[in-house]
Every structure is written in C-alpha cells, then in structure tokens.
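A short reminder: the numbers here are calculations on the coordinates, not readings from a lab. The model shown is predicted, which means the values in this text are computed figures rather than measured ones. Here Cβ is always computed from backbone atoms with ideal geometry, including for glycine, and neighbour counts include all displayed protein chains.
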Amino acid sequence: GSKEATDKQSLKVPGVRQEQLEVVQDYFYPELKQSELVDYKASPFLILQYSMLFALLPALMLAGAGFFAPVFWSLAVLWLISGIYFSYRFQPTVKLSCNREMILLSRGWLFPETAALKYFKIQNVQISQNIFQKRRKLVHLNLYTAAGRLRMLQMNEQEAREVYNYVLYRIESTRQDWM
C-alpha cells in the first residue's frame with residue numbers, strides 16, 4: 001500500500017524528467033518544501049581533477065599504443081577532447097542542498113542522480129582532505145548511513161565545516177531512531 005511506500009527511506013526513480021521527479025519528491029518528502037534549501041556547489045577544481053583522471057591518463061595510454069598502430073593517435077585525441085567536455089559538463093551538476101529537515105546530494109549530467117536524506121538517518125559525518133585540496137582549501141564531505149556513504153566532492157572548506165557542524169548538531173539533537 002501507499003503507507004508502506006511512504007515508510008521507505010530511499011527512493012530511486014530512473015528515466016524521469018525533472019518535473020516528474022519533483023512531483024515524486026513532493027509526495028515522499030514534503031519536508032523539502034517546509035524551508036528554503038541552501039545550495040553548496042563543487043569547486044571548479046573538480047573539472048581539472050576529472051579531466052586528468054578520465055581524459056588525460058586514458059589519452060596518454062592510447063597515445064602510447066599509437067606507436068604500434070597509428071589509429072590510436074586519433075582515438076587519443078578524440079578521448080581527450082570528449083573527456084574534458086564531459087568533465088566540464090559534470091562539475092556544475094555536483095551540489096549539496098540542505099534545509100532544516102533534509103539534505104540532498106545531486107550529481108550527474110547524462111545520468112542525473114539525487115539522494116534525499118533526513119538528518120536522523122545519518123550515522124556519521126566526516127571531512128576528508130588530501131594535500132592537493134589543502135592548498136586550495138577544498139574538502140570532501142562524507143555522510144555515512146546504514147546504506148553506505150554519500151559524498152560531496154571538492155567542497156569549499158569553510159562551507160563544508162558549516163554543514164558538518166550543522167549535521168552533527170542535527171544528529172545529536174534528534175530523538176528519532178535511524179533504524
């Protein structure tokens with residue numbers, strides 16, 4: 001029945017337009033409309049990171065294979081251009097939105113994905129930072145639930161600390177059980 005569906009803690013609806021997704025979110029998560037959402041976007045450094053990881057490194061491997069078969073040179077250039085393009089299109093879609101009741105993590109351009117999470121379902125929150133991020137004052141914000149980890153990539157360090165402190169406050173002050 002519909003009562004059982006509303007008791008579910010996560011919801012995935014593949015292959016729907018944004019307007020259809022909003023109707024489903026309004027039904028299952030009315031808390032999203034109770035207060036205004038504050039958005040936090042990923043740093044533009046994510047473009048460079050993904051371009052190097054998913055465009056430059058594979059293109060270099062294809063270029064290396066170009067010594068044996070010249071067709072790989074063309075593939076390397078094509079891979080590099082398309083990888084940079086996809087990285088450029090992906091970065092603006094990575095965002096974290098939160099209000100007083102819920103937190104949303106969105107990402108994806110070709111295959112958009114949004115995770116909606118009530119604060120009492122979060123078991124732990126963690127900030128991680130590597131040496132490259134430290135110089136740029138960026139961090140990853142990790143949210144742990146019984147279902148696994150959700151991660152906001154390349155977030156401004158100060159904004160991440162604000163979200164971290166607020167999520168900790170919400171976790172510690174709630175009276176609801178996470179199971």
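Please report, in debye to the nearest 20, how large the charge dipole of region 35-108 is about its Cα centre when each Lys and Arg carries +1 at its beta carbon and each Asp and Glu carries -1 there.
Details: 5 positive and 3 negative charges, 7 e Å.
Dipole of region 35-108, to the nearest 20 debye: 40 debye.
Give a quick list of trypsin sites (Lys or Arg not before Pro) in region 137-171 that DSSP marks as loop, anything other than H, G, I, E or B, with at most 15 other Cβ atoms within 10 Å. Kindly include the intermediate steps, with their values, before the conclusion.
Working: sites: K137, R149, R151, R161, R170; in loops: K137.
Answer by residue number: K137.
If I fit a long axis through the Cα atoms of helix 18-28 and take the longest principal axis of the Cα atoms of the chain, what angle between them do I get, 0 to 90°, rounded to 10?
30
With unit charges on the beta carbons (Lys and Arg positive, Asp and Glu negative) and the dipole taken about the Cα centre of the chain, which residue among Q123, L78, N99 sits farthest to the positive side?
L78
Each residue of region 137-149 in order: what ³J(HN,Hα) in whole Hz does its phi give by Karplus 6.51 cos²θ - 1.76 cosθ + 1.60, θ = phi - 60°, with x for Gly and Pro?
With the stated coefficients, region 137-149 comes to 6, 10, 8, 9, 9, 10, 10, 10, 10, 5, 8, x, 10 Hz.
What order do you get for V77, V139 when you list them from fewest to most C-beta neighbours inside 10 Å? Don't jump to the answer; show the numbers that get you there.
Numbers: V77 14, V139 25.
Lowest to highest Cβ neighbour count: V77, V139.
Taking the Cα centre of the chain as origin and charging only Cβ (+1 Lys, Arg; -1 Asp, Glu), how large is the dipole, in debye to the nearest 20? Present the calculation step by step, with values, prior to reporting the outcome.
Values: 21 positive and 15 negative charges, 91 e Å.
About 440 debye.
Restrict the search to region 72-179; then list the chymotrypsin sites (Phe, Trp or Tyr not before Pro) that DSSP places in a loop and that have at most 14 other Cβ atoms within 10 Å of their Cβ. Write down the numbers at each step before the final one.
Details: sites: F72, W73, W79, Y85, F86, Y88, F90, W109, Y119, F120, F132, Y144, Y164, Y166, Y169, W178; in loops: W109, W178.
For chymotrypsin sites (Phe, Trp or Tyr not before Pro) across region 72-179 that sit outside H, G, I, E and B with at most 14 neighbouring Cβ atoms in 10 Å, the list reads W109, W178.
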